[in-house]
Structure formats: structure tokens, C-alpha cells
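Remarks on the structure that follows.
The values are calculated or read from the model by the stated rules, or taken from the named source; none is laboratory data. On a predicted model such as this, the values are computed, not experimentally measured, just so you know. Positions of Cβ are generated from backbone atoms using ideal geometry, with glycine treated the same way; all protein chains shown enter the neighbour counts. Each accessible area value is taken on the protein alone, full model and side chains, heavy atoms only, with ligands, DNA and RNA left out. Shrake-Rupley method; radii C 1.70, N 1.55, O 1.52, S 1.80 Å.
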Amino acid sequence: MSVEIKVPAKAILFGEHFVVHGSYALVSSVDMYLYAKAQQSKKGIYIESNGRQVKADYVLSLIERILEGEGAEIYVKSEIPPGAGLGSSAAFHSALVLASYALLGKRPAPDQVFADVMELERHVHGNPSGIDVWGVLYGHYVLFKRGESPRLFNLRPVRVGLVDTGERRSTKDLVKAASDFIANSPHTRAMLELSSELATEGLSSIRAGDWIRLRYLIRANQSLLRIIGVSTPKIDQLAATMETNGVSAKITGAGGGGYIIAFPLRCVNGISIRATEIGVAGALELNGFYTGKQS
Ligand code: MEV
């Protein structure tokens, strides 16, 4: 028995960091993929990612538990750049979990898959909100708030630009620094409310096809992220250059570099912009785990 699994990247459209503290955030899938091929094996569990053996105990023990004593070889190839805000770790962990269940011919409910992937994510990110995982599992557009069921919206895919700042950082460290800033600010509540509003308004704008409003909201969210210290001089400079060319841009994910997301998709002199589509199918749907319910 062998299986093939395909998992998209994710981009946070609105509300990163504040989502950790209970605000709403909007995440979407991105048409950039991680692929896993898995087959049963008599020699225990062997996992390889982009040509390198994965030896981490927390990964091997969870996969062993899912496989109920069966052996497996899992080979992963990823187009998703690591440490860049595009959900490389959520996609990697999701692929391992989905491949293991698929090898046994099982298709557990989304909540079970989410719980397994989160177990892996916590080892890497400390206290992740879970938004990255729903972004790659459900795909399309997901409105997420901690403690509530995620709401999936299967709306039209939108073409956006992605720009690589070339800067890389640790999500865990940035989340900790931003968390301290948010928690100790005299404006915590106001910022959390504003971030939630940007996420829900962003979703309404995509629903309505109100692209002018969407651009304004992206600009406002980038300003808020800049205030909490997760932007960088390079991101500020790129965003300013794009603004003068009619394009709004913001961090996507933890910030501190990585990729920034730009809308509308348009050429800007001197900036290398990768055309991409957000709102594509998520991993559960792509791999036959889920038929696609919608809020
Ligand atoms: C990272 O993609 C998103 C953050 O909000 C962290 C999290 O929600 O776990 C920065």
C-alpha cells in the first residue's frame, strides 16, 4: 500500500499575533505545495524531508502511535520556504499525520487530524493558536478565534503577490516578543478589538469583491503589526515603495522578515513579486479526508 499527500501553504490575511490573545484572524491557503509519498514498510518508521532523515523523537513517537505498530517510509518534498510565514511547519506536520492515517485506510474527522498536528506544532512553536494548521487543513478562507470552531468560507480564489524579504527568523521568539508587547500595552483591548475587526471586515471585503476596501484593510493591519514591533526596516521600505505604486502589503505570519503579501497583484519596478493564488483547496479536501463544509 502506498499513498500520496499534497498540502498547500498558508498566508495569514489579517490578525496574526493578536489571534494568540483571542482575537479573530483570517487565514487562507496558498497555491504553493508540500508533497509526501508514503508506503508501508517492514523496517519500522523512516521519514525523510527534502532529502534529509527526520530523527526528532516527538515526530517519530506520534507517527508510531497513529500507525498502531505498522512500519512506514514517508518521503516529503516541499516548495514552501521554511521560516517565511507561509506555514511550512504546519504543512509538514499535516502531511505526516495525513499520510499515516491514509496508509491505514483511515479518514478521521478534521478535529482529530487537527489535534494530532497541533501536538507536533507545540513542540516547535510553544503556544501556537492553531490558525496555521486550520489554514493548511481546511484551505479556502478560515475565520479563526481561539476556543471557537473555525469557520470555513469557500469563496473565490484571489490573485495576490508574495515578496520574499530575504530575512528569516524564529516564529517562537517573535511570538513571545509580540505577546509581551501586546499584554503589557495600555491599549491591549483596543488593539485586540481592532485586529478582530480587520479580520472580519477583510472577509466581508473578499466576499463582496470590494478590492479598494481590502487594500485599505491590509494597509491598516500592517500599521498595527508595525506598532507591536514585528515589522522590519526592510519590510517598511518595501511596503512604502509598493504603496506609491498602488499596492498595499503586509507581513503574513510571525513577521520579522519572511514573505510579505501584496494586493493587488501588479508589477512594481525593482521588486521581485511572485504571482500566487490564495483561497485554494485545503489538505483535507485535496486528499479525500473531507468533502468541504462551509459556514
Ligand atoms: C504564525 O503564522 C501566526 C502567529 O499568530 C502565531 C500563532 O497564531 O500561532 C504569529
### Message
Restricting to Cα pairs below 8 Å that are 6+ residues apart, what does the relative contact order work out to for the chain? Please round to a whole percent.
### Response
28
### Task
If a/c stays under 1.5 just call it rounded; otherwise compare a/b with b/c (prolate if a/b is bigger, oblate if not). Do that for the stretch 79-159, with a ≥ b ≥ c from the square roots of the Cα gyration tensor eigenvalues.
rounded
### Query
So what is the diffusion coefficient of the stretch 248-289 in µm² per second by Stokes-Einstein at 20 °C and 1.002 mPa s, using a Kirkwood Rh over Cα pairs?
169
#### Entry: Normalised contact order of the stretch 25-167, rounded percent, pairs of Cα under 8 Å and 6 or more residues apart
28
### Query
For the stretch 74-122, what class follows from the C-alpha gyration tensor (a ≥ b ≥ c being the square roots of its eigenvalues): rounded when a/c is under 1.5, otherwise prolate if a/b is larger than b/c, else oblate?
oblate
### Query
Considering the dipole of the chain built from charges on the beta carbon (Lys and Arg +1, Asp and Glu -1) around the Cα centre, which of Tyr33, Pro186, His93 is farthest to its positive end?
Tyr33
## Note on the structure
For 192-201, 104-113, ranked highest to lowest by mean beta-carbon neighbours within 10 Å, the order is 192-201, 104-113
### Message
I'd like the accessible area for Met1: 1.4 Å probe, protein heavy atoms, all chains in place, Å² to the nearest 10.
### Response
120
### Task
Keeping all protein chains in place, calculate the accessible area per residue for the chain (probe 1.4 angstrom), answer in Å².
43
### Task
Treating the angle as unsigned and between 0 and 90°, give the value, to the nearest 10°, between the Cα long axis of helix 188-208 and the longest Cα principal axis of the chain.
80
### Query
Between Rg and the Kirkwood Rh of the stretch 133-259, both from Cα atoms, what is the Rg to Rh ratio?
0.95
### Query
When the Karplus curve 6.51 cos²θ - 1.76 cosθ + 1.60 is applied with θ = phi - 60°, which whole-Hz ³J(HN,Hα) does each residue of the stretch 31-40 get, with x for Gly and Pro?
7, 9, 10, 10, 10, 10, 10, 10, 9, 5
### Query
Which value, to two decimals, describes the C-alpha radius of gyration of the stretch 32-90 once divided by 2.2 N^0.38 Å?
1.18
## Note on the structure
Given unit charges at Cβ for Lys, Arg (+) and Asp, Glu (-), the dipole magnitude of the stretch 218-295 about its Cα centre in debye, nearest 20, is 100
### Query
Given Met242, Ile12, Ile218, which one lies farthest toward the positive end of the charge dipole of the chain, if we put +1 on the Cβ of every Lys and Arg and -1 on the Cβ of every Asp and Glu?
Met242
### Dipole magnitude of the chain about its Cα centre (Cβ charges: Lys, Arg +1; Asp, Glu -1), debye to nearest 20
340
### Task
Please work out the Cα center distance from the stretch 180-201 to the stretch 247-282, rounded to the nearest Å.
23
#### Entry: Over the stretch 1-44 - Rg/Rh using Cα atoms and the Kirkwood inverse-distance radius
1.27
### Task
Provide the descending list of Cα extents for the chain along its principal axes, expressed in whole angstroms.
59, 39, 36
### Task
Would you mind telling me which residue in Gly22, Gly85, Gly255 has the biggest mean-square fluctuation in a Gaussian network model of the chain, where springs connect alpha carbons within a distance under 10 angstrom?
Gly22
### Task
For n ≥ 4 DSSP H runs only, could you compute -39500 (n - 2.57) per run for the chain, divide by its residues and tell me the 222 nm figure to the nearest 500?
-12500 deg cm²/dmol
#### Entry: Packing-based order for 30-38, 46-54, using average beta carbon neighbours within 10 Å, highest first
30-38, 46-54
### Query
With the contact rule set at Cα under 8 Å and sequence spacing of 6 or more, what percent relative contact order holds for the stretch 113-157?
27
### Antiparallel DSSP beta bridges within the chain, as percent of all bridges there, nearest 5
90
## Note on the structure
Simple SL model, points at 7 angstrom along Cα→Cβ for Leu265 and Ser223; separation in nm is 2.8
### Task
Could you point to the residue in Ala262, Tyr138, His125 farthest towards the positive end of the chain's charge dipole, with +1 and -1 charges on the Cβ of Lys/Arg and Asp/Glu respectively?
Ala262
